[in-house]
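Engineer: Sharing a structure, written as C-alpha cells. Questions coming.
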Amino acid sequence: MRRLVAALAFACALGATSAGRADSLRPHESARLARGETVIREQTLERGDHRWVGGITYTVMDGSAAEVAAVIDNVESLRRVLPKTKRARLVGTTTDGDQLVELVQGNALMEAQYTIRVRREPREVRFWLDPRRPHGIDDAWGFFRYQPFITSAGEARVLLTYGVMVDVGPGIVRDFFEERIRAALLSVPQLVRRQMAELRRPL
C-alpha cells in the first residue's frame, strides 16, 4: 500500500502523461541535455511517519537502446550501477516473470539488505521493494526508461529517464544521511554511462 501511494504521488508530480518524455523538458533543461549534462528533478514525499526521497533524472546516452538494456537487464551490471551496492543476486522469479533481486548496500558503518521485484518491459524496467522478504529499509520504488533521441546535430542517441523514491525508515540514517542517500540515488545515470563505456572496451 505504501509503495502504491508513493508511486501515484510520484507520477502526479512528474505529470502522468509526459513523464519520461523529452518533450516534457523545459527549454533550459533541453539545453543542458544537449551539453551532455544530466537533468535532475528532486522529489520528497511525506505521508504520516513515512518519508520518501529521490527524484527523476534525464540523461542522453552515447550509445544504443540495446547497450542500455545490456546494463539494466543484467544483475551483475545492475550491481555496478546501483550506488553502494556490495552484492546483487537473483533469488527467484515470480509466476508472471518478474525477477526477485536481493541487494546488499552500504558502507563500513551501515548496511541494508532487501529484495526488489524487477519487471522488464520493452524499453522500460520497473522495480519495487518486496515487503514479504526481510528488508532493512521501509520502501523503494523506481524505473528506468530508455527511448530514441535525436540531437540537434541529427545524431542518434538514447534518452535514459530514471526515477526513484526510497523511504529508509525513521532513525539516525534518515536524520543525518538522507540528502547523501538522495544524491547517491540520483547519480545512477552517470554509473550507467560508465558501465556502458566499460562494456565497449575490447577484451
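The values are calculated or read from the model by the stated rules, or taken from the named source; none is laboratory data. Values in this document were obtained by computation on a predicted structure and should not be read as measured data. Glycine also receives a Cβ, built like all others from the backbone with ideal geometry; neighbour counts cover every protein chain displayed.
Engineer: Filter segment 192-203 down to the residues that are more than 11 Å from the chain's Cα centre (by Cα) and either part of a loop (DSSP other than H, G, I, E, B) or modelled with pLDDT of 85 or more (or both) and list them by number.
Structural biologist: Within segment 192-203, Arg193, Arg194, Gln195, Met196, Ala197, Glu198, Arg201, Pro202, Leu203 qualify.
Engineer: Report the residue count in segment 122-165 for those that are among the acidic types (Asp, Glu) and farther than 24 Å from Thr85 by Cα.
Structural biologist: 1
Engineer: Sticking with this one: How many residues does segment 160-182 hold that are farther than 18 Å from Trp128 by Cβ and at pLDDT 95 or above?
Structural biologist: 1
Engineer: Something else now. Return the pairs, sorted by first residue and then second, in which the second residue is exposed (fewer than 12 other Cβ atoms within 10 Å of the Cβ) and modelled with pLDDT of 80 or more, the first residue lies in segment 169-191 and is of a type in the set (S, T, N, Q) and assigned to a helix (DSSP H, G or I), the beta carbons are less than 7 Å apart, and the residues are 6+ apart or on different chains.
Structural biologist: Qualifying pairs under 7 Å: none.
Engineer: Still on this structure, please answer the following. Just to verify a result, which residue in segment 101-123, among those that are of a type in the set (S, T, N, Q) and modelled with pLDDT of 90 or more, is surrounded by the most Cβ atoms within 10 Å (Cβ to Cβ)?
Structural biologist: Here the residue is Gln105.
Engineer: Out of everything in segment 1-58 that is modelled with pLDDT under 85, touching a Gly at 6+ places or on another chain (Cβ under 8 Å) and farther than 19 Å from Pro148 by Cα, what residue ends up being surrounded by the most Cβ atoms within 10 Å (Cβ to Cβ)?
Structural biologist: The selected residue is Phe10.
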